[in-house]
Amino acid sequence: MRYSCPKCDSGIQIQKTFNKKFMITCSDCGLQDLVEYTKNIDEVYLEFLARYDQGQTPNKKEMNVELKEAGIVRDKSEIEKMVHGNTPEQITKDVLYSKKDYISYYKTIKEPDPTFGMLVDEMGLDDSTVQYLHQKNIKQFYKFQEDAISEIISGQNVVITAPTASGKTEAFAIPVITKIARMGKTGVISAVFVYPTKALARDQLPKISELAKNAGITADVFDGDTKQKERLEILDNPPDIIVTNFDVIHYHLMYRTKFASMLSNIEFLIADEAHVYSGIFGSNVHYIIKRLKRMCKKIQFVASSATLDNAQEFCEQLFGEKMQLINGSGKKGETDFVIIFPSLRTQRALTIDLLERLVVQKHKTMVFSNSHLNSELVAMQAKKKKIDIRVHRAGLMANYRNFVEKSFKDDKIMAISCTPTLELGIDVGNVDGVISSTIPVNRLMQRIGRAARKGQKGFAFLALGNDPISQYYKNHPDNYFEDIEKTYIDPKNPFVEEFHVLAMACDKPIARHELSEHSEVIQRHVDSGRLILQENRYVPNYDSIKETLEEYSIRGIGKSIDIFYNDKKIGERVLPMALEELHESAIYFLAGTRYKVKEFDYPKKQYAKLVSIPRDYPYYTKALTEEWPTIETVYEKRQAFGIEVYFCKLHIQKQVYGYVNIELGQEVNQGQKVLLEKPLEYDFVTKGIVIHAPKPTKQMESSDNPEYTEASGYHATEHIIIEGSNMVTGGVSQDLGGISLGTSGLIFIYDGAIGGNGASKALYDRLEKALERSLSIVKECPCNNEAGCPRCTFSYRCGNNNEFLHKKASQEILQKINDGEITEIIEPTEGDKPLV
């Protein structure tokens, strides 16, 4: 239906604002108004007409004041104050003054020029290396490269932090290659260069090989994708340097392969992108390094990263060694950086608008989303705007991801819609612009660090979204830069420790006097028959542990579901997420195309078969889930303000019982429920926290349905604590799950990884600050909905379709917690409905 302007009879635009109003605009005569929210847009229009007839529509000046006071857009003078002293490009100016969004923050990022160090000729390097660097037109090192080379050659363990594409690889590769060349060993592996992914290892191999070749040193990659012929060649004629990942090292040590015996000679271990080794993965890597040290006489360790705020502390914990910290900088052009809050449209609409502005001006752009679904939806909607874009994410086949990387690098496509797969240092060539959804600041800096590396002007946009974090940073942008993600591991994770003690015995029998720090775990394994004491050595009982060894994942992920289309494997998805995305009749996005799941076989064969759907099919699906927690062991307990909180071992039972069809472009809480004929079930043991929240008595007393209000208040509180905790626990909310148990007041927040990943422990340790932030989020959100909105109580991870939420009850609960009301953990009430 066309709505006409009562002043000039032109068509008008009606937009819903973030604070539940409607903004009405006539682009021809300039008539504008703000009308209160109602679900019926015809009523909105009629209200607008009545206000116009009565002379109540504001003039331009009054409208600007109203928009500013409502936090919908910034006043022009506020934008000019931000811009003062900077020189934004025209694209940036158009965004800043567009009046389509709320501009939270703007600055031109001007990184200081890197400090130069000694000339290449002055470093005492071998002639072959000096000659090679001269051929590459490198006459002088940066100061951090000089320091790293000197420290590594002198035998120090070193951690290097420097921006993306600043020369970190040269800083660690040159001294290691130099030392290997001077040792003069042949026929043994002397150094292992470890990367977190196979793709990154293969991306970096040519650079390492070229450096090594000039010094007469050999390098090769050895991982799960190495062909059998190449594998045999490496085993028969080992290179000086192996490029691999910790998964490979773990596997071969544990099964005592020929490759494992070759690792016993290594003298250098280099771990690039060290910040990746956090959480459950990092805890496992800590033990793999410990196991490697058992097999080798002496290893020198080197780590590097672009985003490690607590680099020295973290790497000393990861490697179990003292580390020397070297900070560096690199060459980079000026970058216009804007934080934008979409007050009049969705985050995705904002993202597509920004992308279109950049691509039209021939600026190659990377768009980072935080989920597979969002990366696919961005690509789908961008293609409708005729933008040449491809998806790059985990779960796509490696050859397809390689094709996307090469196409972008060779300027054959202008844009990539990606997940964190491309946060790492894979070379995708020249990048002008980066658009990112909300993430902790140091990860954002890694993303936008990809732009302007050739010295050109860069563009970086943080597109805030429909979530509590974004609402908070809209109003407190300065806090964004203070909320730095801390990289964490949990070496005392009992699940990880127990497994790796078994693995150590598999690597090499454990002498009775050895590993005294793990004596209790060793004894438990002996008592259970997993380890056997023979001739003063603990050896594994393979009959007892075979299944454990085969099923354990060092990355804390479950098995994968293979995805087929026309009998060809086109992707995979890990469990348990696969249950939510690949159940029967689910709509699944893959590489920018939507499919429907025709057949899903779980748990027996573990595959999904997809069929095509029409391009104009209007829906996608979101699973409905239910979870039930059981406390198994309490590790620690304490008071947070007045509430009792447990840190404990939990058993979580998960069920996918249905789904909703969501119209493309609509909010997640729309759609008709469909129940699965046979619900899908999955259960696992993990770690988490439990609190007993106080009753929202005032809201219950004024409610027609006090039980609903109470349960919904607890559910909303669980959402807000998880999302709000992200700012103070270093971005761990994506690693957490949550359950509120009906009217019991019990709220469970747990690690999403099997066995735990340290995320809930980070929340346990900083719970008071997280609870303070949670209260700020719900108090400052302007919505008047009983349930709240995506910016306070809703969560895109909600398994209950964002139903059973009560904003005011949650605010009362959080206020009582912050005021110190005392509670104790109780037993669950029989019949309580779990809300997730």
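The values are calculated or read from the model by the stated rules, or taken from the named source; none is laboratory data. Given the structure is predicted, the values throughout are model-derived calculations rather than measurements. A quick note on method: Cβ atoms are made from the backbone with ideal geometry, for glycine too, and the neighbour counts reach across all protein chains shown.
For segment 141-183, the candidate set comprises residues that are under 28 Å from VAL431 (Cβ atoms) and of a type in the set (Lys, Arg); within that set, the residue that is surrounded by the fewest Cβ atoms within 10 Å (Cβ to Cβ) is LYS143. Of note, THR351 satisfies the criterion of being β-branched (Val, Ile, Thr), out of contact with any Asp or Glu (no Cβ under 8 Å at 6 or more places or on another chain) and either farther than 30 Å from LYS457 by Cβ or assigned by TED's automatic domain parsing to the domain that holds ASP388 (or both). The criterion of at least 3 residues that are under 29 Å from VAL685 (Cβ atoms) is met by the following helices (runs of 4 or more DSSP H) wholly inside segment 717-836: 759-765, 767-780. Among residues of segment 30-51 being in contact with a Lys or Arg (Cβ under 7 Å, 6 or more places away or on another chain) and surrounded by 13 or more Cβ atoms within 10 Å (Cβ to Cβ), the one that is modelled with the lowest pLDDT is TYR37. When the criteria are applied in full, CYS798 meets the requirement of being touching a helix residue (DSSP H, G or I) at 6+ places or on another chain (Cβ under 8 Å) and within 24 Å of VAL656 (Cα to Cα).
Reported count of residues in segment 679-696, each being out of contact with any helix residue (DSSP H, G or I) (no Cβ under 6 Å at 6 or more places or on another chain), over 20 Å from ILE721 (Cβ atoms) and modelled with pLDDT of 90 or more, is 1. Being closer than 25 Å to ASN374 by Cβ and either modelled with pLDDT under 90 or not charged (D, E, K, R) (or both) is a property that does not hold for ALA711. The residue pairs whose first member lies in segment 1-22 and is farther than 30 Å from VAL778 by Cβ, whose second member is small (Gly, Ala, Ser), and whose beta carbons are closer than 6 Å, counting only pairs six or more residues apart or on different chains, are ARG2/GLY11. Restricting segment 588-624 to residues that are among the basic types (Lys, Arg) and in a strand (DSSP E or B), the residue that is modelled with the lowest pLDDT is LYS622. For segment 184-198, the set of residues classified as surrounded by fewer than 20 Cβ atoms within 10 Å (Cβ to Cβ) and touching a residue at least 24 places away in the same chain (Cβ under 8 Å) consists of LYS185, GLY187, VAL188, THR197, LYS198, listed by residue number. Does ILE217 fit the bill of being of a type outside the set (Ser, Thr, Tyr) and either in a loop (DSSP other than H, G, I, E, B) or free of Cβ contacts under 8 Å to residues at least 24 places away in the same chain (or both)? So ILE217 passes the test.
Scan segment 713-721 and give yes if some residue there is more than 23 Å from GLU827 (Cα to Cα) and surrounded by fewer than 24 Cβ atoms within 10 Å (Cβ to Cβ), otherwise no. Checked against the condition, which is being more than 23 Å from GLU827 (Cα to Cα) and surrounded by fewer than 24 Cβ atoms within 10 Å (Cβ to Cβ), segment 713-721 yields no hits at all. Selection over segment 529-546 of residues that are surrounded by fewer than 12 Cβ atoms within 10 Å (Cβ to Cβ) and under 40 Å from the mean Cα position of the chain (by Cα) gives a count of 4. On the basis of being among the hydrophobic types (A, V, I, L, M, F, W, C), buried (at least 23 other Cβ atoms within 10 Å of the Cβ) and within 26 Å of ILE722 (Cβ to Cβ), does ALA451 make the cut? For ALA451, the condition - among the hydrophobic types (A, V, I, L, M, F, W, C), buried (at least 23 other Cβ atoms within 10 Å of the Cβ) and within 26 Å of ILE722 (Cβ to Cβ) - is not met.
Those helices (runs of 4 or more DSSP H) of segment 443-523 in which 3 or more residues are over 20 Å from THR108 (Cα atoms) occupy 468-475, 494-507.
Among the residues of segment 570-584, not a single one is in contact with a Leu (Cβ under 6 Å, 6 or more places away or on another chain), buried (at least 18 other Cβ atoms within 10 Å of the Cβ) and assigned by TED's automatic domain parsing to the domain that holds PRO679. Within segment 422-435, the set of residues being buried (at least 22 other Cβ atoms within 10 Å of the Cβ), within 17 Å of LEU358 (Cα to Cα) and not β-branched (Val, Ile, Thr) comprises ASP432, GLY433.
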